[in-house]
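Data first, discussion second: the structure below is written as structure tokens.
The values are calculated or read from the model by the stated rules, or taken from the named source; none is laboratory data. Every value quoted in this text rests on a predicted model; they were computed, and no experiment measured them. We place every Cβ from the backbone using ideal geometry, glycine too, and count neighbours over all the protein chains shown. To get the accessible areas, we keep the full protein, side chains included, count just its heavy atoms, and leave off ligands, DNA and RNA. Shrake-Rupley method; radii C 1.70, N 1.55, O 1.52, S 1.80 Å.
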Amino acid sequence: MSAVVLEATGLRKRFGATVALDGAGLSLRAGEIHALMGQNGAGKSTLIKLLTGVEAPDAGTITLDGRTIAPATPLDAQREGISTVYQEVNLCPNLSVAENLFAGRYPRGRLGLVDWRQVRAGARALLRELHLDIDVDRPLSGYPVAVQQMVAIARALGVSARVLVLDEPTSSLDEGEVRELFAVMRRLRERGMAILFVTHFLDQVYAVSDRITVLRNGGLVGEFLPAQLPHAALVTAMVGREVGMAAGRDPGGAGAGEGAVLVEARGLARRGSLRPVDLQLRAGEVLALGGLLGSGRTELARLLFGLDRADQGRLSIDDAPVDLRHPAEAVAHGLALCPEERKTEGIVAGLSVRENIVLALQARLGWRRALATSRQRELAQRFVALLGIKAGDIEAAAGTLSGGNQQKVVLARWLATAPRLLILDEPTRGIDIAAKQEIMGEVVRLAREGMAVLFISAEIEELTRLGDRIAVMRDRHLAGELPGGSSGAQVLALIAGEAGTGVEGRA
Amino acid sequence: MSAVPVRAGWLPRLWRDPRHVSLAVTVALFVAMSVAGGVLYDGFLSPQVFLNLLIDNAFLLIVAVGMTFVILTGGIDLSVGAVVAFSTVLLASLVQHHGWHPLAAIALVLALGTAFGAAMGVMIQRYRLPPFVVTLAGMFLARGAATLVSVESIGIDHAFHVALANLRIPLGGGASLSFGALVALLVVAGGAVLAGMTRFGRAVYAIGGSEQSAALMGLPVAATLVRVYALSGFCSALAGVVYTFYMLSGYSLHGNGLELDAIAAVVIGGTLLAGGSGYMLGTLVGVLVLGLIQTLIVFDGSLSSWWTRIAIGALLLVFCVLQRLLLRTSQRRQAG
Amino acid sequence: KGDGGAAAGDGAITVGFSQVGAESEWRTANTRSVKEALAAPEFNLKFSDAQQKQENQIKALRSFIAQGVDVIAFSPVVESGWETVLREAKAAGIPVVLTDRAVAVSDESLYATFIGSDFVEEGRKAARWLIEDSEGQAGPVRVVELQGTVGSAPANDRMKGFKEILGQDPRFTIVRSQSGDFTRAKGKEVMEAFLKAEGPGGIDVLFAHNDDMAIGAIQAIEAAGLKPGEDIRIVSIDGVRGAFEAMKAGKLNATIECNPLLGPQLADLVRDVHAGRPVPRRVEVEEGVFTREQAAAELPRRKY
Amino acid sequence: MSADGATRRVLRWSLAHPLFWPLLALGLLLLGNGLFNPGFLALQWRDGHLYGNLVDIANRAAPLVLVSLGMTLVIAVRGLDISVGAVLAIAATVAAWTIARTQAAGAEGLLPLFAAIAAALAAAAACGLWNGLLVVKLGLQPIIATLVLMVAGRGIAQLLSDGQILTIYYEPFAFLGNGFLFGLPFSLFMVALVFVGLKLLLERSALGLFVRAIGHNPVAAHVAGVRARAITWAAYVFCGFSAGLAGLLVSSNVASADANNAGQLLELDAILAVSLGGTALAGGRFSLAGSLVGALIIQALTTTIYAIGVPPQVNLVVKALLVLVVLLLQSPAFRAQLRARARLAGHGGGA
Ligand SMILES: Nc1ncnc2c1ncn2[C@@H]1O[C@H](COP(=O)(O)OP(=O)(O)OP(=O)(O)O)[C@@H](O)[C@H]1O
Ligand SMILES: Nc1ncnc2c1ncn2[C@@H]1O[C@H](COP(=O)(O)OP(=O)(O)OP(=O)(O)O)[C@@H](O)[C@H]1O
Ligand SMILES: [Mg+2]
Ligand SMILES: [Mg+2]
């Protein structure tokens, strides 16, 4: 067994009233991929922040090669050889991709000036390792989260560090990209790097990790070997009780496929982002929408919701043509969109959890009819309980919540409006396995009560489990549709665009 | 996979970057405005008129370079005009009343300006105070200190200083450039290199994009912020020195409202007040645009005092609105 | 010479005039007088407003030089700082006439002549009037001063002249001195504070650097329940219409005229300078001291 | 014991309250004045109304408070309005001009008063509408958008007044800025009305929530269906309107409108007041009461400088130092550093 590189014991961290970590720890060995598991808000990100000098621990010790370290800033940690990708993409959106890869460690040429040629070449080389072929001179903000996530990973890989920390790197990636990432991680492991890795996908844990540490409520549950810990046991360790893997769709559920057409798109298109699309969304039905990253799913959702204007085609709601110019109009028609980009388009970090949850409902009611505070509290508390949002207090700023819990807050905001059509763009991103079950259960329940749902997901399994119909996008248009109950392989074939050859499903 | 067509050649590549487009639009508007001036007024399109833009706005240009760095971090520095005034008064007083050699006085003034900026930077960075307010207090302080040195305007007649002030670099055809303008051009060049090609400069942009991310990327955020304000202080002091070449006097009311001109120049030059995006070259054009507006009005010579104000506002408006609309259409075309 | 600017009216004298700004009624009257006197067809006036900034004036002068005007005239914001640009004007062979106040330059030949008022003398006149008005009065007389904008030339000079004369009479003490920025609002605000700090009866005389501040202060004195002009004597400078109205109502005791209507005299000088005729180095405008007694008679004649 | 605990709890609550430090600064400023000059805090009853420095401070601060309230809203939605001084001048001039015109046309009684108020406020609101247009519709950066009006606005006002200071010879108008109601300056009632009205509007309706959401994250607010642009625009209109009210007070107070000087540098004072009151200049977090206290601090500062009789050339230095002290007092980081120092010193003494 190889030597322990990084070890943390008895870590404690309090934020005001919430205890984020209490007696947590882990030990990381050279040449291993180590998964850090736990429910949303268990303290994974906080632990990583303590290890890398973003926050200072209240108690506990961190040792690197047996030597106690106390990094005060991320820069200190980097100097110690710890390279990190934080959960929220923490790059500078205004800088080019190349610069984001090299900021802080620019190669310098003559006169000590930055050697841009080398920066560009280096950037391309780094991205090539992840099989990402993009223009490295464009500002990062021009790329979707997935690409940004890949850039962040590439940046961390570029630092020839001893320890690599990845906090939920895969939450917004599709299968292909996850595969690329895992390949690189395995290569680095061979070179003796210690890799700490957070994810909520159990499959991925079993696919790459050598060891698993589980946290629960800020405390350490234990360290396990994947082989000795079956799926169910891992979930039990994380949640602290047994969780039934609830099924999603109940096939042939009442009303599916027979509801009235609520929203219909005919030839809806937008230059440069979406080719003409025909789509029908029915009350009481879940339409699952799959596709690769960049296939145009988000664009379609935005057009349906009036966030972007279509320049071709028609949209009608309840058989009446509509021209949505503002999300407010969509909301007035009973539409709801839970956006993909949580940080920029979803959460309002400075507002409290309660205010975040009531925001869309209040917007629909208009500014004159303010919801009474008691009513707001009641709503917030109901959804906090329903979705299992872990927040110290509904009056806490939403920005202080853990990533997964922020995602749940945004979801709660839209559920609170009791919409007729709910568009969910990657809603389960970063949400833990138990909560995911509950959320999917809730979506199905709402659909059965008559709501129309457009469920966008990168996960085949979610598509097949939830969809009453499954639509797939490719190259910015609708590539085809499958009936509910289709197999994962069928969906995959449609996504890849070939007649089901040689495409492996997610493990 | 990428939907962006990758064309060869640097020109299309330049055009693809919205930041370059903004610069090009600004320059084009500047040219258009100059041509309009040439059509309307005799003698407008002479080289000296354009060199005068540099000569008359040398100090503004220098201040604007420092301001560009500050704004790139997402901050603002309102103290620049007052620091200019303080520098001129102190310099004049040291040379005229205390018998200092101008070079010694210049050295002291530059050091003081830098230290003053750094002090404000520390307050902003360490104590998390809003830059607007800290530098506003800095503005009061510097202006007040200037009046404490002298309420009177002090003329400088030291031979060395006068010689520098009257130095003209001939450019042929009777046109010439002043020493101060030369210094300003050097500062712009230096600023462009510093912003574009050094670790410090790139850290400035990163902080402007997201201070939190910059810190997580391991950039020296605190030191960079303090240095940016120190740099702005230095530029202001240098502008003060150049001012004394321009005017051969030190006066506590010099540079009144200069901070707004500098901010306007930077923003017109395409730098975002929110930080993280902008070019030194844009700032140069921004200063020239402001100068051009002034020149147009002087050449017109028929405006009353209030019409002068209205005309400046209107020209500013026309410029900014056109810039904005042109940018918007070009972005549309790109998206399409 | 090309005389691009002169093309407008053949034979007309092209004059570039750089005004300080439009910061007060006095200045507006000054501008109007200059514009009326330098009107077409005899003159071709290039007027430029500097918005109270010296650098703008210098820019304007430079561009006058670039346009090749025949004569440059300007009201300098401050005394110093003109050396370089005046040298350029001289090199271009353009004569310069200063209005309103002089400049300090090492080489007197840099400008042709000066026409205007003497701010220091105005301060002296105010003090002399005060001493005269206090004849037979026993001391101590407590004086408060409302200064103009800190550092501005009129404020500096008027204060200097006033102190110079008043300092010779031991009966007077200046108990408080504060800037009222030449505005009515500030004059009122500062006077309010003076009245409270010094208490009722603590102030005998107010000297204001301009009429506007005095007018503001009068309101403050009235609000404090005192009689301006009686309980507190007031002397100010400029002689604008509002001051005469206040004097007529007995609320202001005296105003020292600072005459802005120097346009006609300026036009004469410009003609002479342009024709190359010799001109005096210094031309003083006519200015008087007006008191309450004269106010009623003078008021209808005031042009500003 | 329990009483002790209760006081401690009250203390902790008040320490945590965002208004605590601004109020403390204001209190210290007034107290310092009182010690320095015992007459400073005195209030007298004179001619049927209160008279004293405190009344002056409140009265003089009224225009600044009004403008600061408007500025607070604009800043809360991530904007900035540097044209408020010019708008104030426009409103003042329009009021004076309207009075002169209506009087010349033979209007009598209170008609000129109401005409002046209506015209001035309409002009000011139109200015706000214009600023909003540039920011919201054309997408100019707020500072540049409002710079246009800042530069041109005084020109427009001077155009109207022909460069003269318009003196108002009309008694009823003087009441706004000089009159007393129940022994207190009328301007205080105006401020109170606007403050309470605005507070109710923001807190009783959902506007407050929307404004904060827009300030914190305009994109997310937009996606959630909040009419972000309309609300931002409304904030600019209100800011112009409040500058118009301030213009009425100022012109009424000195019975004249000075297009060139009225509200000079007001934009800086207003932003300073907003910031001293704890509003985040980056948007989102705002406090109307804080801005009110901030404006009072600034006016108290000015009055203090007049009252202690420093020579005018020292004014600015004193103001700067006091502002810095107030700022540092409000900085949690600075207080933490002070506490650490004190603790170290305490330990040193004990050893
Ligand atoms: N800055 C902060 N202020 C207050 N509370 C915080 C702060 N940061 C984290 N917390 C709290 O600490 C707890 C742990 O959060 P953390 O982000 O570590 O969870 P996590 O395990 O990473 O969850 P997820 O899987 O959702 O990312 C949460 O309850 C969170 O609300
Ligand atoms: N993995 C990727 N590599 C390169 N470019 C990408 C990638 N993903 C998206 N893009 C580009 O980003 C832009 C925006 O993509 P967009 O978000 O519309 O796709 P999407 O289909 O909605 O994404 P998703 O399917 O993940 O929701 C497009 O120009 C697309 O080409
Ligand atoms: Mg996390
Ligand atoms: Mg997407």
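Annotations
- Once the Kirkwood radius over Cα pairs is known for the protein assembly as shown, the Stokes-Einstein relation at 10 °C and 1.306 mPa s delivers a diffusion coefficient of 45 µm²/s.
- Membrane-span-like helices in chain B (whole DSSP H runs, Cα extent of at least 20 Å along the helix axis, mean Kyte-Doolittle hydropathy of at least 0.5): B:18-40, B:58-72, B:80-97, B:102-126, B:131-149, B:179-197, B:221-247, B:280-300, B:305-335.
- Taking chain C as a Gaussian network of alpha-carbon nodes connected by springs under 10 Å, the highest mean-square fluctuation of the residues C:Gly202, C:Gly263, C:Gly180 belongs to C:Gly202.
- Cα coordinate range in region A:356-507, projected on the principal axes (Å, largest first): 56, 29, 27
- Taking chain B as a Gaussian network of alpha-carbon nodes connected by springs under 10 Å, the highest mean-square fluctuation of the residues B:Thr308, B:Thr114, B:Thr26 belongs to B:Thr308.
- Nearest-0.05 FRET efficiency for C:Glu286 and C:Lys248, computed from C-beta distance (R0 22 Å): 0.50
- Rg over Rh, two decimals, region C:139-289 (C-alpha only, Kirkwood Rh): 1.08
- The overall shape of chain B, judged from the alpha-carbon gyration tensor, is oblate: a/c is not under 1.5, and a/b is no greater than b/c.
- Pairs with C-alpha atoms separated by more than 31 Å, drawn from the list A:Lys13/D:Lys319; C:Lys196/D:Lys199; C:Lys188/D:Lys319; A:Lys436/D:Lys199; C:Lys53/C:Lys125; A:Lys343/D:Lys319, are A:Lys13/D:Lys319; C:Lys196/D:Lys199; A:Lys436/D:Lys199; A:Lys343/D:Lys319.
- Gyration tensor (alpha-carbon) shape descriptor, region B:232-336, a/c threshold 1.5: oblate
- Straight-line reach from C:Lys303: taking Cα to Cα under 17 Å and skipping same-chain neighbours fewer than 8 places apart, the lysines in range are C:Lys35, C:Lys248.
- Taken over region A:1-129, the ratio of Cα radius of gyration to 2.2 N^0.38 Å equals 1.26.
- Cα-derived Rg to Rh of region D:62-264, Kirkwood definition: 1.01
- With Cα atoms as the point set, region B:74-204 shows a radius of gyration and Dmax of 17.5, 55 Å.
- Legend: mean number of C-beta atoms from other chains within 10 angstrom of residue C-beta atoms, peptide A:131-138, equals 3.
- In terms of Cα atoms, the Rg and Dmax of chain D work out to 22.0, 85 Å.
- Efficiency of FRET from Cβ geometry, C:Ala92 and B:Ala24, R₀ 51 Å, rounded to 0.05: 0.85
- Bridging of C:Lys163 to aspartates and glutamates at a Cα separation below 14 Å is possible for C:Glu121, C:Glu122, C:Glu145, once same-chain residues fewer than 8 apart are set aside.
- The coefficient of translational diffusion for chain C, derived via Stokes-Einstein from the alpha carbon Kirkwood radius under 4 °C and 1.567 mPa s, stands at 64 µm²/s.
- For region C:154-213 versus region B:99-129, the spacing of their alpha-carbon centroids is 36 Å.
- Enclosed volume per residue, in Å³, of the convex hull spanned by Cα atoms of region A:4-239: 129
- Inverting the pair-averaged 1/r between distinct Cα atoms of region D:154-290 gives 17.2 Å as its Kirkwood hydrodynamic radius.
- Local electrostatic count, A:Pro57, Cβ distance below 12 Å [Lys/Arg +1, Asp/Glu -1]: +1
- The residues neighbouring D:Asp56, those whose beta-carbon lies less than 12 Å from its own, together hold a net charge of +1 under the Lys/Arg +1, Asp/Glu -1 convention.
- Per-residue average of Cβ from other chains inside 10 Å of B:243-255: 6
- Charged neighbours of B:Leu194, selected by a Cβ distance under 11 Å, balance to +3 (K, R count +1; D, E count -1).
- Part-to-part distance (alpha-carbon centres) for region D:234-249 and region D:130-153, which is given in Å: 15
- Nearest-10 value in Å² for the accessible area of D:Leu281, using the 1.4 Å probe: 50
- For chain B, built as a Gaussian network whose Cα springs stay under 10 Å, the top-fluctuating residue of B:Leu290, B:Leu29, B:Leu258: B:Leu29
- Mean shadow area of region A:337-393 over all directions, Cα convex hull, nm²: 4.5
- Pairwise centroid distance, computed over Cα atoms, of region B:220-275 with region A:314-359, Å: 44
- 13 Å cut-off, amide nitrogen to a point 7 angstrom out along A:Asp318 Cα→Cβ, residues in region A:413-440: A:420-421
- The trypsin sites (Lys or Arg not before Pro) of region D:1-76 include none that meets both criteria, a DSSP state outside H, G, I, E and B (loop) and at most 10 other C-beta atoms within 10 angstrom of the site's C-beta.
- If you look at the Cα atoms of region A:278-319, you get an Rg and a Dmax of 11.4, 32 Å.
- For chain A: rounded, prolate or oblate by the Cα gyration tensor [a/c cutoff 1.5]: prolate
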